Amino acid sequence: MPRLARLDAPGVIHHVIIRGIERRRIFCDSKDHADMIERMSDLLTATNTACYAWVFLSNHAHFLFRSGDAGLPTLMRRLLTGYAIKYNHRHKKGYRGRSPH
């Protein structure tokens, strides 16, 4: 059952957890960590959001955000969509036998 939507307003602090589907890996190596940090850095500035802490484990991650003007859903959608596309391309996931090019 999906969780209820978060109450979000600028300045609210959120503990956010992301997980891989069926507890699969979402970080395979340091390049994946670096990609997530780089994306997060760019988006935090663009959305006026603060990140006070994060931890990356192989199949999930935790973040502590203070919501910015754009709101947490905008940040998370942009962060995770971009990350998933690059991760899937880099690790050749999701192509189901087709060539990625």
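The values are calculated or read from the model by the stated rules, or taken from the named source; none is laboratory data. None of the values given here were measured: they were computed from a predicted structure. Note: ideal-geometry Cβ built from the backbone for every residue, glycine included; neighbour counts use all protein chains shown.
Looking only at residues that are of a type in the set (A, V, I, L, M, F, W, C) and over 14 Å from Asp42 (Cα atoms) in the stretch 71-84, which one is nearest to the chain's Cα centre (by Cα)?
Checked the stretch 71-84; the qualifying residue nearest to the chain's Cα centre (by Cα) is Ala84.
Which residues, counting only those in the stretch 19-51, are out of contact with any Phe, Trp or Tyr (no Cβ under 8 Å at 6 or more places or on another chain) and buried (at least 16 other Cβ atoms within 10 Å of the Cβ)?
Across the stretch 19-51, the qualifying residues are Leu43, Leu44, Thr47.
Within the stretch 34-42, does at least one residue satisfy the condition of being small (Gly, Ala, Ser) and modelled with pLDDT of 95 or more?
From the stretch 34-42, those small (Gly, Ala, Ser) are 34, 41; that's our starting set.
If we keep only those that are modelled with pLDDT of 95 or more as well, we get 34, 41.
Yes: one or more hits.
Of all residues being among the small types (Gly, Ala, Ser) and within 17 Å of Ser41 (Cβ to Cβ) in the stretch 52-66, which is farthest from the chain's Cα centre (by Cα)? Just the residue, please. Show your work before the answer.
As a first pass, look at the stretch 52-66 and keep what is among the small types (Gly, Ala, Ser): 53, 58, 61.
Restricting the remaining residues to those that are within 17 Å of Ser41 (Cβ to Cβ) gives 53, 61.
Working: Ala53: 13, Ala61: 8 Å.
Restricting to residues being among the small types (Gly, Ala, Ser) and within 17 Å of Ser41 (Cβ to Cβ), the top hit is Ala53.
Where residues in the stretch 60-91 are of a type in the set (Gly, Ala, Ser) and at negative phi, which of them is modelled with the highest pLDDT?
Applying the filter and picking the extreme gives Ala61.
Test Arg24 against the criterion of being under 16 Å from Ala84 (Cβ atoms), modelled with pLDDT of 95 or more and of a type in the set (Lys, Arg), and give yes or no.
Taking the combined requirement at face value, the residue does not satisfy it.
I need the full set of residues from the stretch 44-63 which are out of contact with any Leu (no Cβ under 8 Å at 6 or more places or on another chain) and either of a type in the set (A, V, I, L, M) or not in a strand (DSSP E or B) (or both), in order please.
Thr45, Ala46, Asn48, Val55, Leu57, Ser58, Asn59, Ala61
Say we look at the stretch 85-97 and pick out the residues that are over 15 Å from the mean Cα position of the chain (by Cα) and free of Cβ contacts under 8 Å to residues at least 12 places away in the same chain; which of these is nearest to Thr47 (Cα to Cα)?
Filtering the stretch 85-97 for residues over 15 Å from the mean Cα position of the chain (by Cα) gives 89-97.
If we keep only those that are free of Cβ contacts under 8 Å to residues at least 12 places away in the same chain too, we end up with 89, 92-97.
Numbers: His89: 26, Lys92: 30, Lys93: 29, Gly94: 29, Tyr95: 32, Arg96: 35, Gly97: 37 Å.
Checked the stretch 85-97; the qualifying residue nearest to Thr47 (Cα to Cα) is His89.
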